[in-house]
1. Longest segment of the chain with no chymotrypsin sites (Phe, Trp or Tyr not before Pro) in a DSSP loop having at most 13 other Cβ atoms within 10 Å?
2. What does the charge dipole of the chain about its Cα centre add up to, to the nearest 20 debye, if the Cβ of each Lys and Arg holds +1 and the Cβ of each Asp and Glu holds -1?
3. Can you put L25, L68 in order of Cβ neighbours within 10 angstrom, beginning with the fewest?
4. DSSP loop trypsin sites (Lys or Arg not before Pro) in segment 5-43 with at most 16 other Cβ atoms within 10 Å of their Cβ, which ones?
5. Starting from the Kirkwood radius over alpha-carbon pairs of the chain, derive D by Stokes-Einstein at 10 °C in a medium of 1.306 mPa s and give it in µm² s⁻¹.
6. According to the Cα gyration tensor, what semi-axes, each the square root of 5 times an eigenvalue, does the equivalent ellipsoid of segment 1-43 have, listed from largest to smallest in whole Å?
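Taken together, the values in this text are just the output of simple stated rules run on the coordinates, not laboratory data. Just so you know, these numbers come straight off a predicted model, no measurement behind them. For neighbour counting, all protein chains shown are included, and Cβ atoms are generated from backbone atoms with ideal geometry for every residue, glycine included.
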Amino acid sequence: MKPIVNIQEPIGKVAGHRVARKDTLAIVPGEIEDVKAWRAAFPTPFVPRGVYRFRSHEEADEWLWKMLTRARQPEGP
């Protein structure tokens, strides 16, 4: 039986490639500014922590939108 793929044949096309970082745990300077900008834009947590129980998905969705769109709390005393 003849094999379907010829292993010795060079690959003709490559759809894309990815260059891996040398140190994946290193913090890139651009990422630090991004985090600071997000925290400045949204100082309060998106959703309060805890366990919540709802009677329906609609009630949960309504509560979630209320939490996401609530007014910002004043900072500090």
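1. Answer from the scan: 1-45.
2. In total the dipole reaches around 180 debye.
3. Ordered by Cβ neighbours within 10 Å, fewest first: L25, L68.
4. Those satisfying the criteria are K13, R18, R21, K22.
5. Rounded to a whole number, D works out at 84 µm²/s.
6. One finds semi-axes of 46, 12, 9 Å for segment 1-43.
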